[in-house]
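Here's the structure, in structure tokens; my notes come after.
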Amino acid sequence: MTGATRGLGKETARQLAAAGHTVWVGARDEAAGRAVAAEIGARAVRLDVTDDASVAAALARIEAEGGLDVLINNAGIATFSVDPAEALRVLDTNVVGILRVTEAALPLLRRSANPVIVNLSSALGSFWATHQPDHPASQLSTIVYGASKAAVSMLTTQYARAVPDVRINAVEPGYTATELGGQPNPHGRPVEVSARTVVRVATIGPDGPTGTFQQDDGELGW
């Protein structure tokens, strides 16, 4: 799992580990990853989604130590800036990062009896939600972040079509009390609640959905 040292990523990893799954905590900061892994009963691997060599090394280690059944692409950053350099940084992490890790992970996933990919997206990147006056996503302007999550959703649908032997879905985790964007958000719901949806989609069986956008109570419109 990428971006698993805090917030939603850490709680998702904790819930999966508590359920008996072998969980890899992917982290740019190796020391932070080891600390979280020790706390929740997981394994740690250095994984920077913006660095090809880091991604390749991480997947090589995972392959050597048993392989991979589920990939959760959780790493992401947010900004309200429209500065082009900042926009490139967000897109590299949120969009190209998924591409890097997914391409590196697919050879391992194809060896699994039940391969699954979960991409963390957002209603802020949903054309449907942002055009519904009664939906919270229609009340916010997040130009770069919203565009990055719309791209995540399209990556999900395109990969689901291109790789039909892997269950690939996007998740809207809900408005959650995390530090996405660098600032604590005290108004969202607890991470324990939002992580349940990610865990649900990560643990689907071979007959589960693919190419869908999941939220708490079912599917969200693209």
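The values are calculated or read from the model by the stated rules, or taken from the named source; none is laboratory data. Bear in mind that the values here come from a model prediction, so they are computed numbers and not experimental data. Here the Cβ positions follow ideal geometry from the backbone for every residue, glycine too, while neighbour counts run over all protein chains shown. Remember, those area values only see protein heavy atoms, side chains included, never the ligands or the DNA or RNA. Shrake-Rupley method; radii C 1.70, N 1.55, O 1.52, S 1.80 Å.
Points worth noting:
- When Arg46 is tested against (1) open to solvent by less than 70 Å² (accessible area, probe 1.4 Å); (2) within 22 Å of Glu11 (Cα to Cα); (3) of a type outside the set (Phe, Trp, Tyr), just one condition goes unmet, and that condition is (1).
- When Val198, Val116, Val191, Val152 are checked against the criterion of being in contact with a strand residue (DSSP E or B) (Cβ under 7 Å, 6 or more places away or on another chain), modelled with pLDDT under 95 and of a type outside the set (Ser, Thr, Tyr), a single residue qualifies: Val191.
- Filter pass, Arg161 being open to solvent by 10 Å² or more (accessible area, probe 1.4 Å), basic (Lys, Arg) and farther than 17 Å from Gly211 by Cα: no
- Unmet requirement for Ser112, which otherwise passes all of (1) open to solvent by less than 10 Å² (accessible area, probe 1.4 Å); (2) farther than 26 Å from Asp216 by Cα: (1)
- In the set (1) modelled with pLDDT of 95 or more; (2) on the phi < 0 side of the Ramachandran plot, the condition left unmet by Gly20 is number (2).
- Where a residue in the stretch 160-181 is within 19 Å of Ala129 (Cβ to Cβ) and its partner, wherever it lies, is part of a strand (DSSP E or B) and modelled with pLDDT under 95, with Cβ under 8 Å and at least six apart: Gly174/Arg189; Tyr175/Arg189; Thr176/Arg189
- In the condition set (1) within 21 Å of Ile77 (Cα to Cα); (2) modelled with pLDDT of 95 or more; (3) open to solvent by less than 20 Å² (accessible area, probe 1.4 Å), Thr176 is compliant with all but (2).
- Within the set Gly7, Gly26, Gly20, the sole residue that is free of Cβ contacts under 8 Å to residues at least 40 places away in the same chain and either buried (at least 21 other Cβ atoms within 10 Å of the Cβ) or not aliphatic (A, V, I, L, M) (or both) turns out to be Gly20.
- Selection count where residues are without any contact (Cβ under 8 Å) to a residue 60 or more places away in the chain and in a strand (DSSP E or B), scope the stretch 104-118: 1
- Residue count for the stretch 119-140 under the criterion of being surrounded by 15 or more Cβ atoms within 10 Å (Cβ to Cβ) and either part of a helix (DSSP H, G or I) or of a type in the set (Ser, Thr, Tyr) (or both): the result is 10.
- Taking every residue in the stretch 119-137 that is more than 23 Å from Ile204 (Cα to Cα) and among the hydrophobic types (A, V, I, L, M, F, W, C) and pairing it with any residue that is at pLDDT below 95 and assigned to a helix (DSSP H, G or I), at least 6 positions away or on another chain, the pairs with Cβ-Cβ distances below 7 Å are Leu124/Ala137; Ala129/Ala137; Ala129/Ser138.
- Filter result for the condition that a residue is closer than 23 Å to Thr212 by Cα, outside any strand (DSSP E or B) and in contact (Cβ under 8 Å) with a residue 12 or more places away in the chain, over Val82, Val55, Val101: Val101
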